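What follows is a single structure, written as structure tokens, with notes after it.
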Amino acid sequence: SNASCITLEDIQKTQGAFIWGDQGMMRKIHAVSWKTMMFPKDHGGMAMSNLVQMDKVYLMKLGWALRSYKYGLWGEVLLGKYNRGAEGNSGQILTLAANSHIWKAIANLWPIIVENEICIIGDGGNINVWQEKWINGSIKLIDVIPHIPSNFLNLRVKDLTDLNGEWDITLLNSL
């Protein structure tokens, strides 16, 4: 959020003033830019972090934990108190003015999290063929194939492959 960015920018200015030896209104000559200071040491910088970007990184990490259902008590509290769309595959979560700063910050970054997610199939044992958006991330097969035999409803992607991990063409043709 803007309030945290201003604070982070102020902290970053204080870091720079310390590094360069500035004192109050007396500024010393800055031989290199702050951007150069953020370069890795082997590229002529001092490996300083951009706090605004790091804030976004950590907020996106929290958002991803919510999106992928890998959270503990903190996630349950946030979702229990504020959740209006975060669960499921909606492209947005909703906020109100009275919501916490962290919830509003995650909500602000939610579209970026959703846009950049990918589905990793692995061995396919955890992916339901019909109920999950595993092919291109935007459709469920159950929405485009109306009549699925009941004995295939719990089919996993792994079930569609042979022992070598290749598609079982015979089985696929029988569907």
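The values are calculated or read from the model by the stated rules, or taken from the named source; none is laboratory data. Worth saying up front: this structure is predicted, and the values here are computed from it rather than measured. Cβ atoms come from the backbone with ideal geometry, glycine included; neighbour counts cover every protein chain shown. Heavy atoms of the whole protein, side chains included, go into the accessibility calculation; ligands, DNA and RNA do not. Shrake-Rupley method; radii C 1.70, N 1.55, O 1.52, S 1.80 Å.
Looking only at segment 101-131, residues that are in contact with a helix residue (DSSP H, G or I) (Cβ under 8 Å, 6 or more places away or on another chain) and without any contact (Cβ under 8 Å) to a residue 12 or more places away in the chain come to 1 in all. The set of residues in segment 154-164 being within 14 Å of Ile127 (Cβ to Cβ) and outside any helix (DSSP H, G or I) consists of Asn154, Leu155, Arg156, Thr161.
Does segment 31-45 include one or more residues that are open to solvent by less than 80 Å² (accessible area, probe 1.4 Å), within 24 Å of the chain's Cα centre (by Cα), over 16 Å from Lys104 (Cα atoms) and not aliphatic (A, V, I, L, M)? Scanning segment 31-45, I find no residue that is open to solvent by less than 80 Å² (accessible area, probe 1.4 Å), within 24 Å of the chain's Cα centre (by Cα), over 16 Å from Lys104 (Cα atoms) and not aliphatic (A, V, I, L, M), so the answer is no. When Asp168, Asp159, Asp123 are screened for being open to solvent by less than 60 Å² (accessible area, probe 1.4 Å), more than 30 Å from Gln53 (Cβ to Cβ) and charged (D, E, K, R), only Asp168 passes.
Against the definition (in contact with a Leu (Cβ under 7 Å, 6 or more places away or on another chain), within 27 Å of Asn83 (Cβ to Cβ) and at pLDDT 85 or above), how does Lys56 come out, yes or no? Considered against the rule, which asks whether it is in contact with a Leu (Cβ under 7 Å, 6 or more places away or on another chain), within 27 Å of Asn83 (Cβ to Cβ) and at pLDDT 85 or above, Lys56 comes out as yes. Criterion applied to Ser49, Ser33, Ser68 was being free of Cβ contacts under 8 Å to residues at least 60 places away in the same chain, within 30 Å of Asp162 (Cβ to Cβ) and hydroxyl-bearing (Ser, Thr, Tyr), and the one residue passing it is Ser68.
Can you pull out every residue in segment 132-153 that is surrounded by 13 or more Cβ atoms within 10 Å (Cβ to Cβ) and assigned to a loop (DSSP other than H, G, I, E, B)? Quick ask: steps written out before the conclusion?
As a first pass, look at segment 132-153 and keep what is surrounded by 13 or more Cβ atoms within 10 Å (Cβ to Cβ): 132-135, 140-142, 148, 152.
Result: Glu132, Lys133, Trp134, Ile135, Lys140, Ile148.
Residue count for segment 112-144, restricted to those that are more than 13 Å from Leu66 (Cα to Cα) and under 14 Å from the mean Cα position of the chain (by Cα): 5. Only a single criterion out of (1) under 19 Å from Ser68 (Cβ atoms); (2) aliphatic (A, V, I, L, M); (3) in a loop (DSSP other than H, G, I, E, B) is not satisfied by Leu96, namely (1).
Residue check: Gly72 meets all listed conditions (1) farther than 30 Å from Asn151 by Cβ; (2) out of contact with any helix residue (DSSP H, G or I) (no Cβ under 6 Å at 6 or more places or on another chain); (3) modelled with pLDDT under 85 but one, namely (3).
When Ile106 is tested against (1) loosely packed, with under 14 Cβ neighbours inside 10 Å; (2) closer than 30 Å to Phe39 by Cβ; (3) of a type in the set (A, V, I, L, M), just one condition goes unmet, and that condition is (1). When you look at Phe39, is it at pLDDT below 85 and among the hydrophobic types (A, V, I, L, M, F, W, C), yes or no? So Phe39 does not fit the description; no.
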